[in-house]
Amino acid sequence: MTSATGIGARVLRTEDKRFLTGTGRYVDDLPLARATYAYFLRSPHAHAKIKSIDISAAEKLPGVVNIFTGKDLVDAKVGGLICGWVVKDKHGEPHKAPPHPVMAVDTVRYVGDTVAMVVANSHDEARDAAEAIKVEYEVLPAIVDLARALDKGAPQVHAEAPGNLIYDWEIGVKADVEAAFAKAAHVTKMDIVNNRLIPNAMEPRAAAAEYDKGTGNYTLWSTSQNPHVLRLILSAFVLGIPEHKLRVIAPDVGGGFGSKIFCYADETMVCWAASRVGRPIKWTAERSESFQTDCHGRDHVTHAELALDKEGKFLALKVETIANMGAYLSTFSTAVPTYLYATLLAGQYTTPLIYANVKAAVTHTAPVDAYRGAGRPEATFVVETIVSKAAAELKMDPAELRRKNFIPSTAFPYQTPVALQYDSGNYPPIIDEAMKIADYPGFETRRAEAKARGKLRGIGFSSYIEACGLAPSQVIGQLGGGVGQWESAQIKFNPTGNVQVITGSHSHGQGHETTFAQLVHDRLGVPMDQIEVVHGDTSTTTFGMGTYGSRSLAVGGSAIMKATDKIIAKGKKIAAHLMEADAADVVFENGTFKVAGTDKAVPLAQAVFAAYVPHNYPLAEIEPGMDENAFYDPANFVYPSGTQICEVEIDPDTGIVEVVAHTAVDDFGNIINPMIVEGQVHGGIVQGVGQALFEGAVYDKETGQLLSGSFMDYTMPRADNFPSFKLGYKVTPCPHNPLGVKGCGEAGAIAAPAAVMNAVHNALAPIGVKHVEMPATPLNVWQSIQGAQHAAAE
Amino acid sequence: MYDFAYHRPKSVADAIALLKGKEEARPMSGGMTLIPTLKQRLARPSDVVDLGGVKELAGIKVEGDRVVIGGMTKHGDVATSADVKKLIPALADLAGHIGDPQVRNRGTMGGSVANNDPAADYPAAVVALNATVTTNTGKHAADDFFKGLFETALADGEIVTSISFPKAEKAAYMKFPNPASRYAMVGVFVAKTAAGVRVAVTGAGPCVFRVKAMEEALSKNFSSDAIKDIKVPADGLNSDIHGSAEYRAHLVGVMARRAVDKANK
């Protein structure tokens, strides 16, 4: 159906009314009678033995209700936090799994590690008491420098992970790759750092919990991207509260970017303590706590080599990466630099041989886990910067080198040498369109004009592939993933014809309430204002895997489509009865059941009413009610692709890099709401440019203190850092899901860093700069220019 | 924040009386530094004396060839004042680029100068224009007022009542903002007044400082060419994750030249 509000329409977001008028309801907004407030005492040291914790003075302070330490959890036999993905190393052994106590017992391992929880009548009283807790630490040497974490003699983070090594993993056949390199006409080599990022969702993490003594039921409100998964982890592994006695609600959530997928100490403690305190407990992270304790993202050190023949065809790619896990293994940390990273190293290219070796290391830093793109931005950065470097070395046009190596459109489904099978794609028209939008032929004129103004102008490409909507469950299980990768949906009509669409996906800014309503409206003809999308509560949704990895539309949306199929099938039977026709002759069009070739018609609302008031109803054949559940387990990942072209101007006197133009052409398959997709692409590009030019988590190498621990020192990208983006689309529908859709949530962040850095290198190449590390801050760029000038002078 | 007693006096005399004899009492003007400090529990004053109710401290007036700006005058008011724009447009321009609109509608000149944050903008203007800082007890020449990191000539119980700036023949301020905080990482104010040329630098060091070599060169020839070979030593300059001392020293030269060019426009 094509309509003003159906699939493909730019429908304004229905949820924005409450968000823009301050009537959204976030965890911190909850009015809970007799609430207490939690405050967590955190480690000021990167690595220390806890010699003693004295809470005696703190306990006596006014308003203090309870104080818990790690020892209380040991006594109560509370389990540790888990890592839910078992990665097997190159010898087939499972990764090292050092314990991750909810609160530190005898050792703290990063600045921000949880030491004690104070519960008091007010936030300030809890904080006063936390300051009165006396902890005696024996400070130990810390390792925060990833490049040195695996060195002999580096301080050890866990006895269970000798040499700080969690796993030494590989994919591909090294000998085959080496043989290809031996025959190469040209080899491009590169050493790069993928900088550590701090997610900084607008709403900090928060939790509130209540225990009902009469029933033994717990309710936990949490800023979670996947409340069912959180409940499953807390029930089955950490707290032992039976699943049916624990209700997890993730109400309005203000952004996650991955950081709210995981099960953290804070919500675990708030939930656990609720029954001990006997009153509700509320906790909201302060911004500085978010900086210190939200799982960080990226943080790789990589050496890569690309072998090419004399025509510029890629022969083989070899990648060696050390990935930082932080001090403990967070929920999905182990999968990010392996199955979500190395499997993407083919990019859009026919590179026949790929070998990747990934060593995961623990350090005395905050845990690292999935962050917008999770592994794919790191892979894209490796592939797309080495391809551009190779083009520069071979004095080839970077677009031409890419084109020469693109997987041809006739080759799909395409089996890569790194496990994935790309289902669909057509890359050449995408780069053509991007070059047209970006006016690539006019670049040299713009560069000359910039030079006359004293600016160095550069252009950079990034042609990304990504795999999102992890699937299918069986394969994920074989790879060590601990959960299924389906999604559920329920379509529940009310007798008056309006409908609740209950999804296991979770919206924390993505606009699902609009997009999903458009699907149902388009399919069933129910007006948009008669559709309510319900999510985020384990008591209202059968089960859900939640929202991450750009999976919600491809997997959650497909589940909704399956549920609409069931609604239509049942409706046909009811309508056939009402029209005294054969169900096989009934068709469903524009929200109405019809008998082909007659004027008989029953609107869906009439069939729904009959289902709930079954006075004239085929009760012998079908049950009353109009309420259908569906689970959808995809056959494969979906594979969005695209090309971004970034143009920068650099002020050589100050080192400031300005993004002056940024083009993105994407293939997201079919598009449901172009306005929402544009918003996702814009936000993604901003985060990707943020990584390239601005953001970087910096720990002091000696003390392990987080130097970029506030917005005073952690540079967030801002609106005035950006031009208006130029976007375009090409569509190759996904062949294996009912909507033909791919994911759009992470693409911008995946592609942008390489586009920006290729532009930076292109701009600086004429003055002899070989390499600039991310983030390309003014200082960094200026120092690189100085280095090049010194080198030229010598 | 910790508990403290809050006062909102209506006159300078009442404010001083409230501050007197209380070692841990703190005056508050716009609170743009103090309130975040309190919220982070980095300060624990016994009393906070909010000067926001002291009407006599706010306002801009012209006295002959000088502009006199009350201590409680907000940045936004300095930025939009017709008098400031006419006599010292560079000062209005500087004020219009402090923080964001919220800060400019709360933060005050007196508060900024008295706090003497090494990355604040106003100290550069006060020193480059050789302004006079007037307090409830007397007057301070600009060169004697700023003593060091967060340190001024103000005694306990002394508050900035106004600052008097001479008219500038030519002046401009160029700021290189810290990428994260957007405070001045290096800010250079160049001014040519009846008394001569001055170049004052904020952000780069622990306290605002003058670059005498540039002043001498510009006195002879007020053009960016005149200072293009003058290097500011990196010794003693600030160094952090955003900028090494060498980088800051380099930026002082770049910003000074750009400020001169801007002043000549």
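For this structure, a couple of remarks:
- Rounded to 5, percent antiparallel among DSSP beta bridges of chain A: 80 percent
- The listed peptides A:497-507, A:593-603, B:30-40, ordered by packing as a protection proxy, come out as A:497-507, B:30-40, A:593-603 (highest mean of other Cβ atoms within 10 Å first).
- Remark: mean inter-chain Cβ contacts per residue of B:38-47 equal 1, using a 10 Å Cβ-Cβ cutoff to other protein chain atoms.
- Based on Cα contacts under 8 Å between residues 6+ apart, chain A shows a relative contact order of 15 percent.
- Rounded if a/c under 1.5, otherwise prolate or oblate - segment B:11-124, Cα gyration tensor axes: oblate
- Where Rh is the Kirkwood radius over Cα pairs, Rg/Rh for segment A:548-689: 1.27
- Computed over chain A, the per-residue total of -39500 (n - 2.57) for DSSP H runs of n ≥ 4 gives a 222 nm mean residue ellipticity of -8000 deg cm²/dmol, rounded to 500.
- Distance between segment A:132-203 and segment A:514-548 - C-alpha centres, whole angstrom: 41 Å
- Relative contact order (percent, whole number), segment B:133-265, Cα cutoff 8 Å, 6+ residue spacing: 22 percent
- For chain B, the share of DSSP beta bridges that are antiparallel, to the nearest 5, is 85%.
- Three-way shape label, chain A, alpha-carbon gyration tensor, a/c 1.5: oblate
- Peptides B:120-133, A:672-685, A:104-117 ranked from most to least packed by the mean count of surrounding Cβ atoms within 10 Å: B:120-133, A:104-117, A:672-685.
- The ratio of the alpha-carbon radius of gyration of segment B:170-264 to the globular-protein estimate 2.2 N^0.38 Å is 1.01.
- Quotient of the Cα radius of gyration of segment A:726-771 and 2.2 N^0.38 Å, N being its number of residues: 1.78.
- Listed by chain and number, the lysines placed with their C-alpha closer than 16 angstrom to that of A:LYS60 are A:LYS134; residues fewer than eight positions away on the same chain are left out.
- Legend: mean number of C-beta atoms from other chains within 10 angstrom of residue C-beta atoms, peptide B:175-182, equals 6.
- The mean number of Cβ atoms from other chains found within 10 Å of a Cβ in peptide B:243-249 is 3, as a whole number.
- Pairs of Cα atoms nearer than 8 Å and 6+ residues apart set the relative contact order; for segment A:496-541 it is 53 percent.
- For segment B:170-264, the residue among B:GLY205, B:ASN178, B:SER224 whose Cα projects farthest onto the positive side of the dipole built from Cβ charges is B:SER224.
- Highest mean packing comes first when the peptides A:438-449, A:735-746, A:271-282 are listed by Cβ atoms within 10 Å, giving A:735-746, A:271-282, A:438-449.
- For segment A:269-353, GluC sites (Glu not before Pro) meeting the loop criterion (DSSP other than H, G, I, E, B) and having at most 13 other Cβ atoms within 10 Å: A:GLU311.
We did not get these values from a lab; they are worked out from the coordinates using the rules stated. Bear in mind that the values here come from a model prediction, so they are computed numbers and not experimental data. Note that each Cβ is placed from the backbone with ideal geometry, even for glycine, and that neighbours are counted across all protein chains shown.
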